[in-house]
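**Student:** Quick one: the structure is below, questions incoming.
We did not get these values from a lab; they are worked out from the coordinates using the rules stated. Just so you know, these numbers come straight off a predicted model, no measurement behind them. Cβ coordinates were reconstructed from backbone atoms using ideal geometry, including for glycine residues, and neighbour counts include every protein chain displayed.
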Amino acid sequence: MTNRPAARVLLVDAAGRILLFHGGDPVAPDESWWFTPGGGLEPGETPARGAARELFEETGLRVDPAELGEPVWHQVIEFSYRHQWYRQDQQFYLLRVDRWQVDTAGFEEEERTSVDGHRWWSLAELDATDEDVYPEELPDLLRRLVSDDVALGGH
C-alpha cells in the first residue's frame, strides 16, 4: 500500500453550492463518483500550498495558500486506483467564492483520462442523490461548516 498525503478544497459559492468533479478509475469504467478538488501533495509541499496548487490546476482559480486558512477537516481513506492500493491522509480546506467559472485547462494528463465532468451541488441535491459522493460525510460536514441557511440553499 502506498501512503499518499493529500489536500482538498471545499469550494462553496455564494448560492451555497459546492463544486464537485465527476470521474473514476480508468481501469474500472463501470464505476464513477463525485469528489472535491484536490489531490496528492508534491514532496516537501505543505497541505495549504498543495491545496492551492491543485485548486488552480483543476479549476483555474488562483489563491494564496494563506487565504485557505487552517484545515477544517481531516480524513484518512484507503482506496484502489489503477490496481494500486493507497492510504490517503488528506486535509480539507473551506474556501468561499461569490461565483467561479471552472477552467480545467490546467488538468494533468491523468485528470484528463479520469475526470469527465464537474458541477455545483446544493446541499439538498447532495442529500437527495443516489450517486457516490466523496467524502461520504460531505453533507454533514457542510452543515457543520456553513451555518448560514442561505449559504446552504435553505430558506
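**Student:** Taking R0 as 22 Å, what's the FRET efficiency between Asp13 and Thr46 from their Cβ-Cβ distance, rounded to 0.05?
**Tutor:** The value I calculate is 0.30.
**Student:** Picking from Gly40, Gly16, Gly69, which is most flexible by a Gaussian network model of the chain using Cα springs under 10 Å?
**Tutor:** Gly69
**Student:** While we're here: Between exposed GluC sites (Glu not before Pro) in the chain, where DSSP calls loop and at most 15 other Cβ atoms lie within 10 Å, what's the longest gap?
**Tutor:** Of all site-free stretches, the longest is 32-107.
**Student:** Given an 8 Å cut-off on Cα distances and at least 6 residues of separation, report the relative contact order of region 1-104 as a percent.
**Tutor:** 38 percent
**Student:** Grab the DSSP H runs of the chain that are 4 residues or longer, score each as -39,500 (n - 2.57), total them, divide by all residues and round the 222 nm result to the nearest 500 deg cm²/dmol.
**Tutor:** -6000 deg cm²/dmol, from helical runs alone.
**Student:** Here's something else I'd like to know. Loop-only trypsin sites (Lys or Arg not before Pro) in region 30-90, please: DSSP not H, G, I, E or B, and at most 13 other Cβ atoms within 10 Å.
**Tutor:** Here the trypsin sites (Lys or Arg not before Pro) that fit, given the DSSP loop and packing criteria, are Arg62, Arg82.
**Student:** About the Cα centre of the chain, what is the dipole size in debye to 20, counting +1 per Lys and Arg Cβ and -1 per Asp and Glu Cβ, all else neutral?
**Tutor:** With Lys and Arg at +1 and Asp and Glu at -1, about 380 debye.
**Student:** Let me ask something else. Could you give me the ³J(HN,Hα) list for region 59-74, computed from phi with Karplus coefficients 6.51, -1.76, 1.60 and θ = phi - 60°, whole Hz, x at Gly and Pro?
**Tutor:** 3J(HN,Hα) across region 59-74, in whole Hz: 10, x, 8, 9, 10, 6, x, 5, 5, 6, x, 8, x, 9, 6, 9.
**Student:** Using a Gaussian network for the chain with springs between C-alpha atoms less than 10 Å apart, which of these wobbles most: Ala128, Ala48, Ala14?
**Tutor:** Fluctuation is largest for Ala128.
**Student:** When the chain is fully extended, how far beyond the present Cα-Cα distance does Arg99 get from Ser80, taking 0.36 nm per residue of separation?
**Tutor:** The Arg99-Ser80 span can extend by a further 3.5 nm.
**Student:** Also, I was wondering about something else. What Rg and what Dmax come out for region 2-145 when only alpha-carbon atoms are used, in angstroms?
**Tutor:** 14.3, 40
**Student:** Also, I was wondering about something else. Roughly how many debye, to the nearest 20, is the charge dipole of region 52-127 about its Cα centre, given +1 on each Lys and Arg Cβ, -1 on each Asp and Glu Cβ, and no other charges?
**Tutor:** The calculation lands at about 60 debye.
**Student:** Follow-up question, since we're still on this one. For region 92-148, just run the numbers: alpha carbon Rg, then divide by 2.2 N^0.38 Å, N being how many residues it has.
**Tutor:** Normalised by 2.2 N^0.38 Å, the Cα Rg of region 92-148 equals 1.32.
**Student:** When the chain is treated as a GNM, springs tying every alpha-carbon pair under 10 Å, which of Ser114, Ser32, Ser80 comes out with the largest mean-square fluctuation?
**Tutor:** In this elastic network of the chain, the residue with the biggest mean-square fluctuation among Ser114, Ser32, Ser80 is Ser80.
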